[in-house]
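Trainee: Okay, here's the structure, questions in a sec.
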Amino acid sequence: MINIDDKLISDDVVDKNFVCNLEKCKGACCWEGDFGAPLTSAEINTIEQYLDVIKEALPERSKAYIDLKTFHHKYDKDKFDGTAIHPDGACVFLTDEKGIAKCGIEKTYFEGKQPFRKPVSCHLYPIRVKKDQHTGIELINYDKWDICSAACKLGDELKVPVYQFAKEALIRKYGEEFYERLDDIYQQIYQ
């Protein structure tokens, strides 16, 4: 484990490799699983603010789902708010571009229609963050999932550690100084 401030980072985050390979997995993390992407209350508020714009990029079934229910859901088992999912497991924000799952939130961000890129939990993937309720320490782990085997293989071929793949998202969540400290530790211990 690596300790930076009040964060414990799993060794897997620095010694495992990963580069998303959408051509192989087709974005399966957007339609596989039992729950949606974790959302902060600030992210829920931001999505609500731009929901009409974001919905324009979504398929009809997602628009109907959001209109009938909502775009987020409280997942009782893990006690967090997350993006809502359809009964088949697909995120309500999933769009399809030539057979590859993409995020409707991110699509409208890149089109300049709204300022929010996507939930930081999605941006960080395959890193998952969980806060210990008793200590307040954040646990930063690598979430190894079989649907990402092509990403692991590509990461190994290119020799890109998980934390480097997630650099932009880690800086977004924790700042440049945190990332630089993590990178220094990697350079000292793992190189």
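Trainee: Every residue in region 88-138 that is of a type in the set (K, R) and either touching a Lys or Arg at 6+ places or on another chain (Cβ under 8 Å) or part of a loop (DSSP other than H, G, I, E, B) (or both), please.
Mentor: K98, K113, R117, K118
Trainee: Out of the residues in region 96-121 that are buried (at least 21 other Cβ atoms within 10 Å of the Cβ) and polar (S, T, N, Q), state the one that is farthest from L51 (Cα to Cα).
Mentor: S121
Trainee: Another question, if that's okay. Using the structure shown, decide if I189 is at pLDDT below 95, among the hydrophobic types (A, V, I, L, M, F, W, C), outside the structural domain of V53 (by TED's automatic domain parsing) and surrounded by 13 or more Cβ atoms within 10 Å (Cβ to Cβ).
Mentor: No, not satisfied.
Trainee: Scanning for something polar (S, T, N, Q), on the phi < 0 side of the Ramachandran plot and surrounded by 13 or more Cβ atoms within 10 Å (Cβ to Cβ), does region 139-150 turn up at least one residue?
Mentor: yes
Trainee: Hey, could you check region 139-151 for residues that are of a type in the set (D, E, K, R) and in a loop (DSSP other than H, G, I, E, B) and say which is nearest to I54 (Cα to Cα)?
Mentor: So, considering only residues that are of a type in the set (D, E, K, R) and in a loop (DSSP other than H, G, I, E, B), the one nearest to I54 (Cα to Cα) is D143.
Trainee: Any idea how many residues of region 62-83 are touching a strand residue (DSSP E or B) at 6+ places or on another chain (Cβ under 9 Å) and among the hydrophobic types (A, V, I, L, M, F, W, C)?
Mentor: Matching residues across region 62-83 total 2.
The values are calculated or read from the model by the stated rules, or taken from the named source; none is laboratory data. None of these values were measured; they are calculated from a predicted model. Cβ sites come from the backbone with ideal geometry, for glycine too, and all protein chains shown count toward neighbours.
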